[in-house]
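Student: Before I ask anything, let me first share the structure, which is written out below as structure tokens.
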Amino acid sequence: MPEYTRGARRKFNPAYEKLMHRAKYLARKGRKAQARALRTQAQQLPSIVTHDPDYRRLRYCRYADDFLLGFIGPKAEAEAIKERLRDFLRETLKLDLSETKTLITHARTESARFLNYEIHTLHEDTKWDRHKRRSVNGNIGLRIPKEVIEEKCRRYRQHSRKVLPRTELINDSEFTIMALFQAEFRGLVEYYRLAYNLHRLTTLDGVMEQSLTKTLAVKLQISVPKVYKHYQTTFQTNGKTYKVLQVIIERERKKPLIAQWGGIPLTWNIKAPLNDEQKGPWPSRSELEKRLLADTCEYCGTTGSTEPIEVHHIRALKDLEKYPGREKPGWVKIMAARRRKTLVLCRTCHLDITYGHPMRKQPKSPHGSTRLESGMR
């Protein structure tokens with residue numbers, strides 16, 4: 001990299017300097033209209049020598065096995081760097097450089113894809129600072145690819161232009177549904193917080209809100225306007241007030257559980273830290289608030305006050321079908337009916353399931369009571 005990094009700064013463009021000096025002279029003489037015309041003409045030219053042979057820069061960015069090289073210099077030197085990189089990977093690390101993925105992109109006319117961002121060189125002669133100088137030309141810009149927004153919106157439209165409800169969530173509670181929508185949108189916004197066109201996610205925001213309200217309307221068997229009437233409220237953040245949808249679950253002697261849709265500002269911040277983790281309980285396909293509020297075995301009904309409560313996991317839902325020719329155990333039927341890969345259990349039931357022993361406790365009766373088998377093992 002030191003070989004391709006030289007020069008303190010690029011040389012000034014003589015044609016640009018000549019026009020600007022002439023404009024300053026005319027302004028001092030009181031001929032402001034002519035000075036303004038010359039300034040406008042000068043701002044059609046680069047202020048520096050774009051192909052300065054004494055100036056080179058090479059920058060390197062890597063994430064896992066993906067990397068990006070930013071180079072200021074001619075294409076011939078960029079191709080030489082690529083060849084040297086290929087030889088190093090092959091001879092030293094015994095790796096092959098993918099020809100289809102390793103591309104040389106002109107950042108002014110094209111954009112490079114890295115970590116699902118589009119990276120290119122900004123150029124806009126009409127963006128000025130307070131001194132009437134062009135302020136963005138030559139800087140690197142990050143933007144959200146158009147295909148990303150279209151793909152995310154397609155999930156909620158599928159084969160129709162009409163936004164559809166997510167019917168797979170209807171068996172979950174309103175709290176879980178709203179928390180899941182908010183977590184998905186928040187994660188996307190925080191990931192693309194560095195993109196200067198972050199405001200384009202307003203399209204996805206509107207589509208997801210329509211899908212959320214329709215999902216709640218289908219679940220509750222009410223109209224979409226009634227969903228807004230029941231759940232809409234206001235929320236303030238950073239001095240701004242937003243209209244949001246909110247579900248609140250009160251808890252005795254504890255802070256209430258709050259799930260909210262909306263109130264995420266789409267403000268570009270090039271120095272933003274990664275903040276895609278939602279604070280508080282993480283939403284999932286299970287009845288989240290029931291697991292938080294009820295410290296109870298979902299098989300036998302034992303409470304946490306009498307026995308430790310644990311969680312049993314399976315790798316995939318298809319594992320629940322591996323009981324050919326015999327009746328499925330009760331705990332398997334419970335998980336299959338709920339379509340979930342986790343089951344909250346007391347320690348006794350968890351050990352029986354883990355080691356394949358007969359269940360020492362019986363499933364909950366319709367009235368919520370449990371009974372033990374007479375011959376305990």
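Rule-based calculations on the coordinates, nothing more; no lab input. Just so you know, these numbers come straight off a predicted model, no measurement behind them.
Student: Could you work out the pair-distance distribution P(r) of region 33-78 from its alpha-carbon pairs, with 5 angstrom bin width and percents rounded to whole numbers?
Tutor: 5, 15, 16, 13, 12, 11, 10, 8, 5, 3, 1, 0
Student: Which whole-number percentage describes the relative contact order of the chain, with Cα contacts under 8 Å and a sequence gap of 6 or more? It would help to have the intermediate numbers written out before the result.
Tutor: Numbers: 484 pairs, mean separation 36.1, N = 377.
Over the chain, the number comes to 10 percent.
Student: Also: How about Lys364: which lysines have a C-alpha closer than 21 Å to its C-alpha, ignoring those fewer than 8 places off in the same chain?
Tutor: Lys290, Lys328, Lys333, Lys341
Student: Can you list the lysines whose alpha carbon sits under 23 Å from that of Lys214, skipping same-chain ones fewer than 8 residues off?
Tutor: Lys152, Lys162, Lys226, Lys229, Lys243
Student: Now for a separate question. I'd like to know how the chain sits against the 2.2 N^0.38 Å rule of thumb: what's its Cα Rg over that expected value? Each step should come with its number before you reach the end.
Tutor: Details: Rg = 30.8 Å, N = 377, 2.2 N^0.38 = 21.0 Å.
So the Cα radius of gyration is 1.47 times the expected 2.2 N^0.38 Å.
Student: With the Cα gyration tensor of region 170-281 giving a ≥ b ≥ c as the square roots of its eigenvalues, does the rule (a/c under 1.5 for rounded; else a/b larger than b/c for prolate; else oblate) give rounded, prolate or oblate? Numbers along the way, then the final one.
Tutor: On the way: a/c = 1.93, a/b = 1.44, b/c = 1.34.
It is prolate, given that a/c is not under 1.5 and a/b is the larger ratio.
Student: While we're looking at this one, here's another question. Over region 1-146, calculate the relative contact order: mean separation of alpha carbon pairs under 8 Å at least 6 apart, over the residue count, as a percent. List each step's numbers first, then the result.
Tutor: On the way: 167 pairs, mean separation 23.1, N = 146.
The value is 16 percent.
Student: For Tyr117, enumerate residues with amide H under 5 Å from its amide H, sequence gap 5+ or separate chain, H modeled in the peptide plane.
Tutor: none
Student: Mean projection of the alpha-carbon convex hull of region 1-156 over all orientations, in nm²?
Tutor: Details: hull surface 54.5 nm².
With every direction weighted equally, the projected area is 13.6 nm².
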